[in-house]
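Asks: I have a structure I would like to understand better, so I am pasting it below and will then ask my questions one at a time.
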Amino acid sequence: MSPDLKYLAFTAMLTAALWIPYIVCQVKTNGGLKPPNYVDPAPRPVPLWGTRAHRAYLNAVETFAPFAALVIVAHLAGKANAMTAFWAGCYFWLRLVHAAVYLLGIPLIRTIIFTLGYVAIVGLFWEVIK
């Protein structure tokens, strides 16, 4: 498996697992779901770290699609190379750090890490279209 696809798989697993801190917070704060919760899906109140956990998960889901599409296009088009591997690796590690920083509530670092993740997506795009 190419490094690009390996980092795509790692990022998919990271994204798939980021719901766990939010659910842990929900259960710790409000207990398990009860039948009325299925009828009324309104979010139950959680501490700020739980809200940040939920936003970190949603943010990861929102940015995963362009990353995945570009890695797959690079692979299918025969454009995967050392630079696409570099950008895919950067994206994965930046998303991992972003999730941790988001959960911890560190605002300026979070923004910088998010922006660098976007730069990694742009780098993948450039490698695909050049």
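The values are calculated or read from the model by the stated rules, or taken from the named source; none is laboratory data. All figures in this text were calculated on a predicted structure; none of them were measured in a lab. Positions of Cβ are backbone-derived with ideal geometry, glycine not excepted, and every protein chain shown enters the neighbour counts. Just so you know, the surface numbers come from the protein's heavy atoms only, side chains and all, with ligands and any DNA or RNA stripped out. Shrake-Rupley method; radii C 1.70, N 1.55, O 1.52, S 1.80 Å.
Asks: Quick one: ranking L108, L103, L70 by accessible area, 1.4 Å probe, largest first, what do you get? If you can, show how the numbers build up before the last one.
Replies: On the way: L108 125, L103 50, L70 25 Å².
Final ranking, largest accessible area leading: L108, L103, L70.
Asks: Another one. Between P21, N81, L70, whose Cα lies farthest towards the positive end of the dipole of the stretch 1-97 when Lys and Arg beta carbons carry +1 and Asp and Glu beta carbons carry -1, centred on the Cα centre?
Replies: Comparing the listed Cα positions along the dipole, P21 ranks first.
Asks: Under 16 Å Cα-Cα from K6, which aspartates and glutamates qualify once same-chain neighbours fewer than 8 residues away are excluded?
Replies: Output for K6: empty list, no partners.
Asks: What does the charge add up to near V101, with Lys and Arg as +1, Asp and Glu as -1, over the other residues with Cβ less than 14 Å from its Cβ?
Replies: Values: positive: R52, R55, R95, R110; negative: none.
Spelling it out: positives minus negatives among the neighbours equals +4.
Asks: Using the Cβ atoms and a cut-off under 14 Å, what net charge is assigned to the surroundings of E127, where Lys and Arg are +1 and Asp and Glu are -1? Can you show the working numbers first?
Replies: Working: positive: K79, K130; negative: D4.
Residues close to E127 contribute a combined charge of +1.
Asks: Something else now. What lysines does K130 reach when the alpha-carbon gap must be under 17 Å and sequence neighbours fewer than 8 apart in one chain are set aside?
Replies: Cα-Cα hits under 17 Å: K79.
Asks: Sticking with this structure for a sec: Compute, for M83, the solvent-accessible surface of its heavy atoms (probe 1.4 Å) with the complete set of protein chains present, and express it in square angstrom to the nearest 10.
Replies: Accessible area of M83: about 80 Å².
Asks: What are the membrane-span-like helices in the chain by this rule: whole DSSP H runs, Cα extent along the axis at least 27 Å, mean Kyte-Doolittle hydropathy at least 0.0? All intermediate terms of the calculation are to be shown ahead of the outcome.
Replies: Values: long enough: 48-76 (42 Å, 0.78); 82-104 (33 Å, 1.28); 107-129 (33 Å, 1.73).
Span-like helices in the chain: 48-76, 82-104, 107-129.
Asks: Could you state the accessible area per residue of the chain in Å², with a 1.4 Å probe and every protein chain left in place?
Replies: Working: 7610 Å² over 130 residues.
Computed with neighbouring chains in place, this is 59 Å² per residue.
Asks: Please identify, among V101, V39, V61, the residue showing maximal mean-square fluctuation in a Gaussian network model of the chain using a 10 angstrom Cα cutoff.
Replies: Highest fluctuation among the options: V39.
Asks: Quote the FRET efficiency, to the nearest 0.05, computed for L48 versus A68 with a Förster distance R0 of 30 Å and r equal to the Cβ-Cβ distance.
Replies: Calculated transfer efficiency: 0.50.
Asks: At a 1.4 Å probe, what is the % contribution of carbon and sulfur to the accessible area of the chain?
Replies: 76 percent
Asks: In whole Å, what are the Cα extents of the chain along the three principal axes, biggest one first?
Replies: 53, 32, 20
Asks: What percent do you get for the relative contact order of the chain when only Cα pairs under 8 Å and 6+ apart count? Don't skip to the answer; put the middle values down first.
Replies: Working: 127 pairs, mean separation 43.1, N = 130.
Once divided by the residue count of the chain, the mean separation gives 33 percent.
Asks: Given the rule -39500 (n - 2.57) for each run of at least 4 DSSP H residues, summed and divided by the residues of the chain, what is its mean residue ellipticity at 222 nm, to the nearest 500 deg cm²/dmol?
Replies: Values: 6 runs with 107 residues, N = 130.
Helix-only estimate at 222 nm: -28000 deg cm²/dmol.
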